[in-house]
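Presented below is the structure to which this report refers.
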Amino acid sequence: MESGGGAYGAAKAGGTFDLWQLLQQPQVIVRILSSVFALIVFSCIIGEGYTNRHESDKLYCIFNRSEDACRYGIAIGVLAFLACVFFFMVDVYFPQISNATDRKYLVMADLGFSALWTFLWFIGFCVLTNQWASTASGDIIIGADSARASIAFSFFSIFSWGLLIAFALQRYRMGVQDFAQNYTDPAPGPATPYSSYPNVGHESYQQPPFTRTGEDSEGYQPPPVY
């Protein structure tokens, strides 16, 4: 199925690329914000999320010494940042995709990933908040501000990725509505009436040749026999 016009919230394929118009799209703005939030989260944890006591050289996670909490925050932050970069490139090339089916799959992938990462950010916010609340004050030497920043931007990421769900769902519904409006059932073929054998009719019937008529038979007399 080729998209004759705009499909799934994008213009007709083959148009000129306009960066300023792209950056004004709501899903692109929210995607850029989501990438910034993810960058702040994992950067804060990597930069100052590990500390140590003066009498020990071993580093431990500032979130109640929970290695799982730090690893989880770093993992979802890095993957979220890479996903934002990927889907931003999809937004750039999306108007150049002429196949409506490919557009549909990309919008569905955006919708599914945004829903999954909204849930993972919610879990990450709960884990980091709980571990930070359980952290002993003596373990906090440096990195308190970074820990609070990672918690705060984890919370902001829940809403930013939730908005990405809404935008992807809107684009998907637009594509479904466009398909429903443009779809028409194929017209049935014209019925072929039954025709008799060509060039045969009762009016055109002719007598076969070499057939005697009644007048010829009455006027004929045989020759006399001697």
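Using the basic label-point model (7 angstrom from Cα toward the beta carbon), what is the Ile140 to Leu116 distance in nanometres?
3.5
Could you tell me which residue out of Ser114, Asn52, Ala166 lies farthest along the dipole of region 20-181 toward its positive end? Charges go on the beta carbon: Lys and Arg +1, Asp and Glu -1, centred on the Cα centre.
Farthest towards the positive pole: Ala166.
If I model a spin label at Ala133 and Gln170 as a point 7 Å from the Cα along the Cα→Cβ vector, what separation in nanometres do I get?
3.5
When the convex hull of the C-alpha atoms of region 52-109 is computed, what volume per residue in Å³ does it have?
Output value, Cα hull per residue: 90 Å³.
Multiplying the sequence separation of Leu19 and Ile32 by 0.36 nm and subtracting their Cα-Cα distance, what value in nm do you get?
Full extension of this stretch gives 3.3 nm more.
Could you tell me the largest-minus-smallest coordinate of the C-alpha atoms of region 59-151 on each of the three principal axes, in descending order and whole angstroms?
60, 19, 17
Sorted from largest down, what three extents in whole angstroms do the Cα atoms of region 20-181 have along their principal axes?
70, 26, 21
Give me the one-decimal nm value for the distance between modelled label points at Phe86 and Thr101, 7 Å along each residue's Cα-to-Cβ direction.
Label-label distance for Phe86 and Thr101, simple model: 2.2 nm.
Just so you know, all these numbers are worked out from the coordinates, no wet-lab data involved. Given the structure is predicted, the values throughout are model-derived calculations rather than measurements. A quick note on method: Cβ atoms are made from the backbone with ideal geometry, for glycine too, and the neighbour counts reach across all protein chains shown.
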